[in-house]
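A.B. asks: Pasting a structure here, questions to come.
The values are calculated or read from the model by the stated rules, or taken from the named source; none is laboratory data. Here the structure is a predicted model, which is why all the values come from computation and not from measurement. FYI the Cβ positions are ideal-geometry reconstructions off the backbone, even for glycines, and counts take in every protein chain you see.
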Amino acid sequence: MAVVIGRSGRRIPRDQALAHVAGYSCYNDISIRDWQRHTSQFTPGKNFLRTGAFGPWIVTADEIADPQSLDLTTRLNGQVMQSANTAQMIFTVAEIIEYLSAFTLLVPGDVIVSGTPGGVGAKRDPQVFMKAGDLIEVEIGAVGTLRNRLVPEPA
């Protein structure tokens with residue numbers, strides 16, 4: 001899930017954090033696994049061109065009564081790979097905003113991306129890896145569905 005900041009703030013208290021949210025959207029955190037394992041940091045595998053799909057729109061914060069009560073489903077070619085609820089997040093949206101704003105100024109337009117629910121292909125037995133032509137759908141209740149077809153990286 002992506003959280004879009006709508007109001008600037010630094011050192012935002014948890015109980016005021018959601019007042020800084022403009023809205024929510026879907027985010028597809030696609031990882032390039034072989035690059036992700038080059039170091040102890042995930043940065044290389046999370047920053048390839050076209051691996052951070054976002055959208056297809058932003059649902060305003062006033063339309064989401066509780067960001068910690070949204071169902072999230074990820075499908076690969078129609079097969080459910082991940083099924084969770086934002087109530088299962090390790091840190092709530094408010095906690096994440098509080099933490100991030102402790103060391104950086106959050107400004108309108110900043111996008112905070114939450115973690116990934118269980119069910120990723122690399123942790124399955126047998127492992128499942130995406131390939132060109134696959135259709136990935138990220139659906140979040142009350143937010144919508146983001147659909148992406150994988151295409152090979154241009155040479």
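A.B. asks: Within the stretch 78-113, take every residue that is buried (at least 16 other Cβ atoms within 10 Å of the Cβ) and either among the charged types (D, E, K, R) or part of a loop (DSSP other than H, G, I, E, B) (or both) and give me the one that is farthest from the chain's Cα centre (by Cα).
C.D. replies: 98
A.B. asks: Still on this structure, I have one more. Find all pairs meeting these conditions: Cβ atoms under 8 angstrom apart; at least six residues apart or on different chains; first residue within the stretch 59-88 and free of Cβ contacts under 8 Å to residues at least 60 places away in the same chain and within 12 Å of residue 138 (Cβ to Cβ); second residue of a type in the set (Lys, Arg) and surrounded by 14 or more Cβ atoms within 10 Å (Cβ to Cβ).
C.D. replies: The qualifying pairs are 81/75.
The rows are residues; the columns are (1) modelled with pLDDT of 95 or more; (2) farther than 23 Å from residue 76 by Cβ.
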{"residue": "98", "(1), (2)": "yes, yes"}
{"residue": "106", "(1), (2)": "yes, yes"}
{"residue": "109", "(1), (2)": "yes, yes"}
{"residue": "116", "(1), (2)": "no, no"}
{"residue": "120", "(1), (2)": "no, no"}
{"residue": "124", "(1), (2)": "no, no"}
{"residue": "132", "(1), (2)": "no, no"}
{"residue": "140", "(1), (2)": "yes, no"}
{"residue": "145", "(1), (2)": "yes, no"}
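A.B. asks: Consider residue 116 against the criteria (1) under 16 Å from the mean Cα position of the chain (by Cα); (2) in a strand (DSSP E or B): it satisfies all of them except one. Which criterion is unmet?
C.D. replies: (2)
A.B. asks: Among the listed residues 7, 75, 11, identify the single one that is of a type in the set (D, E, K, R), modelled with pLDDT of 95 or more and in contact with a His (Cβ under 7 Å, 6 or more places away or on another chain).
C.D. replies: After applying the criteria, what remains is 7.
A.B. asks: While we're looking at this one, here's another question. Condition first: surrounded by 13 or more Cβ atoms within 10 Å (Cβ to Cβ), not aliphatic (A, V, I, L, M) and not in a loop (DSSP other than H, G, I, E, B). Now tell me which residues in the stretch 119-143 satisfy that.
C.D. replies: The answer is 121, 137, 139.
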